[in-house]
Amino acid sequence: MQPAPNTNLLEVADLTKTFTVRQGFSSASFDAVDDATFTLQSGQPEIFTIAGESGSGKTTLARMIMGMELPTGGVLRYKGRDVAKLSGRERRSWFFREVQPVFQDPFATFSPLKRVDHYLYETVANYKITDKRGADAYIDSILHEVGLSIMEVKGRYLNELSGGQAQRVSIARALLTHPSLIVADEPVSMLDASLRMSIVNMFRKLKDDQQVSILYITHDLATAYYMADRIAIMLRGWIVEMGPVELVLGNPLHPYTQNLKASIPEADPDKVWTEKISLSEMESEEYTLTGCKFAGRCPHVMEKCRSHVPPNFAHEGRMVKCFLYE
Ligand SMILES: Nc1ncnc2c1ncn2[C@@H]1O[C@H](COP(=O)(O)OP(=O)(O)OP(=O)(O)O)[C@@H](O)[C@H]1O
Ligand SMILES: [Mg+2]
């Protein structure tokens, strides 16, 4: 499968996921992801962060990008190819090899009943990855990229690895297919603070050494600030602000981003942003607002915010979805 020439690595255009949930005898629909639009360029590996509070649609967006969830609207193109139009075979032999996941909990990624090296050999076999040095040497070289070696992993079960080691193995497994994109959904949130920074540093190094772009999903603005090149802030399925991380987090323009940043005063990796503004009720209300989804909480709310969806404005080097920047 050859990519079309001169195309973006990933193009997410008006991507939408509408869920219908049952409420008593009736049902209600809401957009968990609503018109998400952004592009990752080819040949320029970057760490693109998607951040936002719990329930803002980050995982749903990630699952669509990984081909694990079908969008209900919009288009997803990978290397110029519409992902929805790939055949089953193209998906398996090309797309899933190119776009690799890293999940939050390494202990849920692997079965405790199998030796962890099984997953590495299995990936090499499934994708028919051939290396003239042989599978052992190839796997060992990839394990070295994540600070491990085959000696440390071979024959071991999950319970014999630390959390940090287990997450490194899951990152190594993702790297085996030489992906161009890794989608990592909260990959460090289960690790303690010291390990968290070592994995974060490793992602930065992998971006350069392996020329891989990383979509880093998190609710932790501190690691995002430290690690990301660009950031998109999500609120109830919308991307409300997006641009270079030093602009968006250094000088946030959207009142929601300002609110988020205020909840972590310093870029301290120990201070994970845990504020979960008692969601359930507010959540369902905000999804159904006809204007801006932040109108009910915004200190700068204007009349039109309650009735009109703000367009995306280009302002001070980033995109911001707010009438203040009209
Ligand atoms: N399969 C589903 N059916 C119905 N609603 C769903 C489904 N999956 C997710 N949702 C809802 O969609 C919204 C977004 O969920 P999502 O998991 O994408 O949020 P998130 O930003 O990843 O949150 P967290 O930070 O807690 O992981 C939530 O209201 C969630 O309850
Ligand atoms: Mg999530």
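Looking only at residues in the range 20-53 that are at pLDDT below 95 and of a type in the set (A, V, I, L, M, F, W, C), the one that is surrounded by the fewest Cβ atoms within 10 Å (Cβ to Cβ) is PHE25.
Given the criteria over 30 Å from ASN201 (Cα atoms) and touching a residue at least 12 places away in the same chain (Cβ under 8 Å), does THR16 qualify? So THR16 passes the test. Meeting the requirement of 1 or more residues that are of a type in the set (D, E, K, R) and away from ligand 2 (no atom under 16 Å from the Cβ), the helices (runs of 4 or more DSSP H) wholly within the range 47-133 are 116-126.
Here's the yes/no breakdown for (1) touching a residue at least 40 places away in the same chain (Cβ under 8 Å); (2) within 20 Å of PHE96 (Cβ to Cβ); (3) out of contact with any Lys or Arg (no Cβ under 8 Å at 6 or more places or on another chain):
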| position | (1), (2), (3) |
| --- | --- |
| ALA166 | yes, no, yes |
| LEU175 | yes, yes, yes |
| VAL188 | no, no, no |
| LEU191 | no, no, yes |
| ILE199 | no, no, no |
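Taken as a whole, the condition of being within 16 Å of ligand 1 (Cβ to nearest atom) and more than 17 Å from VAL183 (Cα to Cα) does not apply to ASP14. Condition check for THR288 on (1) touching a helix residue (DSSP H, G or I) at 6+ places or on another chain (Cβ under 8 Å); (2) at pLDDT below 95: one failure, at (1). When restricted to residues that are more than 10 Å from ligand 1 (Cβ to nearest atom), of a type in the set (Gly, Ala, Ser) and closer than 16 Å to TRP238 by Cβ, the range 55-73 contains 1. Annotation note: Cβ proximity below 9 Å between a residue of the range 227-244 that is on the phi < 0 side of the Ramachandran plot and touching a residue at least 24 places away in the same chain (Cβ under 8 Å) and a residue that is basic (Lys, Arg) and within 16 Å of ligand 2 (Cβ to nearest atom) (sequence gap 6+ or interchain) occurs for MET234/LYS58. Would you call LEU206 in contact with a strand residue (DSSP E or B) (Cβ under 7 Å, 6 or more places away or on another chain), of a type outside the set (Phe, Trp, Tyr) and either more than 16 Å from ligand 2 (Cβ to nearest atom) or modelled with pLDDT of 95 or more (or both)? For LEU206, the condition - in contact with a strand residue (DSSP E or B) (Cβ under 7 Å, 6 or more places away or on another chain), of a type outside the set (Phe, Trp, Tyr) and either more than 16 Å from ligand 2 (Cβ to nearest atom) or modelled with pLDDT of 95 or more (or both) - is not met.
In the range 177-263, which strands (runs of 3 or more DSSP E) lie fully inside it and hold 3 or more residues that are over 15 Å from the mean Cα position of the chain (by Cα), buried (at least 24 other Cβ atoms within 10 Å of the Cβ) and more than 13 Å from ligand 1 (Cβ to nearest atom)? Hits in the range 177-263: none.
The values are calculated or read from the model by the stated rules, or taken from the named source; none is laboratory data. Please read these numbers as outputs of a predicted model, since none were measured by experiment. So basically every Cβ, Gly included, is an ideal-geometry build from the backbone, and we count neighbours across all protein chains shown.
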